[in-house]
Amino acid sequence: LVKTLLPRRLTRRVAEAATLSGPARTMYLRLLLTSGMGTRPGRPVLPTGEGPLVFICHGNIIRSAMAEAMFRREASQWPGPVTVASAGMFAVDGRAADPRAAHASAALGASLEGHRAHALDEATARTARLLVVMDHLNEAVLLARYPWARPKVALLGALAEDFDPATGAAIADPFSGSEDDVEATARRIARAVSRLALDLHRPDHARPR
């Protein structure tokens, strides 16, 4: 009955919530309700100020690792230093990047050589200028742990030029998929990172679109 009455993407979001427990599930459902039952109202406002830009996914070996490397490439021509990092909500510290991610990222001009995974900790979350999350599950886990971080949390997919609320802002984890899935994810991340870098490099980047 639920599958019949609810839109397919919303049904998927409810199924995702069932994979969480405790505060993370409560946060997930709260975010689902406050985001218009599974959609986002538009591109978020990017915060100004100092601090690193941190990309976040589950294990910090595919999506956030690629996003960090791609952002470094985009910002390499900027004057002055750029502080960017990545982390995983469930990362195993010291783990190397997934070889498929390294290959896909290199094909787009960004190297993952030497990448080592890091688990997101409170100190990193507090000092970050912007916490860019890949999907709703990790967004919920992040905010369940650090609810005060909400003003500086954004989904990378919602920052892309081609963001469509109808299809969603989450960039799904391709870990269990094929090499083609990882490459498609890399291309989507590259498009979103390119727009994010452009927005952050503008003096008036804090304005909503």
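Each reported figure results from applying straightforward, stated rules to the coordinates on display, with no laboratory input. Quick caveat: nothing in here was measured; it's all calculated off a predicted structure. All Cβ positions, glycine included, derive from the backbone under ideal geometry; neighbour counts span all protein chains shown.
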For R73, work out the one condition from (1) over 13 Å from I189 (Cβ atoms); (2) without any contact (Cβ under 8 Å) to a residue 40 or more places away in the chain it doesn't fulfil. (1)
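From the list A123, A128, A102, A140, exactly one residue is without any contact (Cβ under 8 Å) to a residue 24 or more places away in the chain and buried (at least 22 other Cβ atoms within 10 Å of the Cβ). Which is it? Can you show your working first?
Details: A123 fails: buried (at least 22 other Cβ atoms within 10 Å of the Cβ); A128 fails: without any contact (Cβ under 8 Å) to a residue 24 or more places away in the chain; A140 fails: without any contact (Cβ under 8 Å) to a residue 24 or more places away in the chain.
Just one listed residue meets the conditions, A102.
Check region 162-175 and report whether any residue there is acidic (D, E), in contact with a helix residue (DSSP H, G or I) (Cβ under 7 Å, 6 or more places away or on another chain) and part of a helix (DSSP H, G or I). First the steps, then the outcome.
If we filter region 162-175 for residues that are acidic (D, E), which is where we start, we get 162, 164, 173.
Filter once more, keeping what is in contact with a helix residue (DSSP H, G or I) (Cβ under 7 Å, 6 or more places away or on another chain): 162, 173.
Now restrict to residues that are part of a helix (DSSP H, G or I): none.
No - not one qualifying residue is present in region 162-175.
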Tell me which residues, restricted to region 105-118, are closer than 25 Å to L46 by Cβ and not in a loop (DSSP other than H, G, I, E, B). S105
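Name the single residue, out of those in region 48-68 being among the β-branched types (V, I, T) and farther than 19 Å from A106 by Cα, that is farthest from the chain's Cα centre (by Cα). Don't jump to the end; show me each part of the working.
Going through region 48-68, the residues among the β-branched types (V, I, T) turn out to be 48, 54, 56, 61-62.
Filter again for farther than 19 Å from A106 by Cα, leaving 48, 54, 56.
Details: T48: 18, V54: 9, I56: 5 Å.
Looking at the filtered set, the residue picked out is T48.
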